[in-house]
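Report on the following structure.
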Amino acid sequence: MIENQIQNDYISRINKALQFIDENLDADLSLENISKVACYSPFHFHRIFKAITNETLNAYILRRRLEKAAAVLKYKAEVSIAELSLQYGFTSNSSFTRAFKKFYGLAPAQFRKQNPDWFSKISQVESKNGQKNILFEKYICNINNLKYWFDMNAKIEIKEISKLDLAYVTCIGHNGIGEAYDKLVKWAIPNGLFEIPGTKMVTLYHDSFKITAADKVRISACITLINPIKVADGIGLTTIEKGKFIVGSFEIRMNEFEKSWNALFLWMAENGYKKADRNPFELYHNDYRQHPENKCIVDFYIPVL
């Protein structure tokens, strides 16, 4: 029992540190500053951080800064590479370029020229014997099929949503989301949260699978809060601030989630919307196990400017 309490305390404090890092990637993220947020000594914090995240603090911060820079390169053409290197704490353009190329295999300028979906699908294939042309044709065909599927399965709205208060459990790596939800549900049931009308489950994505490796993506399993509540046992509190969102409503099987997200982001780009610097999320309306076809009735939210 005592060991569980200690572990939950560790997780709660590291969650605060992770949130602080993500919100301050352009600031001084020294070990001393971050350890104060987590209320640990620098030595103790560094050891616990690595044990929970499987990365050293410096490696985590560098990765998050490069991933943030990659997202800006993809979707904000007006921001120069020089501005990015200064914004995210690099001493020069050359140091930023070296670190970026080592991480992504392309210099920032090359990365920016790629289509938003091109990098993961085609860019690393050498142009030999027409192979790249074949892949390009296949890519275009897949896009057209995706659009057709999307038109048949999605309902799209642009909404201004009110603030959502959430209780959450965070995991690092997509394989941990089931365990995170198990922990959240075991806490929520005795607190009577599922008996309150309007309560929904939410998955909040802090990282993009197109930029961050699947085993490094940070995801939060959440439940909406209608009334204020005290949390314990490693459960955190967070908020999705009010704002403008593209909302895609689907009734889909579990293996169609990635397709739905890809199609919704494609719709966003083709309709002239730009993603805001906030996190996308899923909001669930049913338990798929109780659906006659084992389908999820779910809304996908992309924050936009």
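Observations
- Any chance residue 235 is of a type outside the set (D, E, K, R), touching a residue at least 40 places away in the same chain (Cβ under 8 Å) and touching a strand residue (DSSP E or B) at 6+ places or on another chain (Cβ under 6 Å): yes
- Considering region 23-76, and only residues there that are of a type in the set (Lys, Arg) and within 29 Å of residue 276 (Cα to Cα), the residue that is surrounded by the fewest Cβ atoms within 10 Å (Cβ to Cβ) turns out to be 76.
- So residue 23, is it within 18 Å of residue 97 (Cβ to Cβ) and charged (D, E, K, R): no
- Considering region 281-296, the residues that are more than 18 Å from residue 158 (Cα to Cα) and surrounded by 15 or more Cβ atoms within 10 Å (Cβ to Cβ) include one that is nearest to the chain's Cα centre (by Cα), namely 296.
- As for region 268-277, it holds at least one residue that is under 17 Å from residue 18 (Cα atoms) and within 19 Å of the chain's Cα centre (by Cα).
- Taken over region 247-272, residues that are surrounded by 14 or more Cβ atoms within 10 Å (Cβ to Cβ), closer than 20 Å to residue 77 by Cβ and without any contact (Cβ under 8 Å) to a residue 60 or more places away in the chain amount to 1.
- Only one of the numbered conditions (1) more than 17 Å from the chain's Cα centre (by Cα); (2) exposed (fewer than 14 other Cβ atoms within 10 Å of the Cβ) is not met by residue 224, and that is (2).
- Within region 201-303, strands (runs of 3 or more DSSP E) holding 1 or more residues that are farther than 27 Å from residue 12 by Cα and assigned by TED's automatic domain parsing to the domain that holds residue 164: 243-252, 296-303
- In region 59-71, the condition of being β-branched (Val, Ile, Thr) and under 21 Å from the mean Cα position of the chain (by Cα) is met by at least one residue.
- Some residue of region 231-246 being over 17 Å from residue 166 (Cα atoms), surrounded by fewer than 20 Cβ atoms within 10 Å (Cβ to Cβ) and modelled with pLDDT of 90 or more: yes
- Of the numbered criteria (1) within 26 Å of residue 169 (Cβ to Cβ); (2) surrounded by fewer than 19 Cβ atoms within 10 Å (Cβ to Cβ); (3) out of contact with any Ser or Thr (no Cβ under 6 Å at 6 or more places or on another chain); (4) modelled with pLDDT of 85 or more, the one residue 80 fails is (1).
The values are calculated or read from the model by the stated rules, or taken from the named source; none is laboratory data. Worth saying up front: this structure is predicted, and the values here are computed from it rather than measured. Using ideal geometry, Cβ is built from the backbone for each residue, glycine included, and neighbour counts are taken over all protein chains shown.
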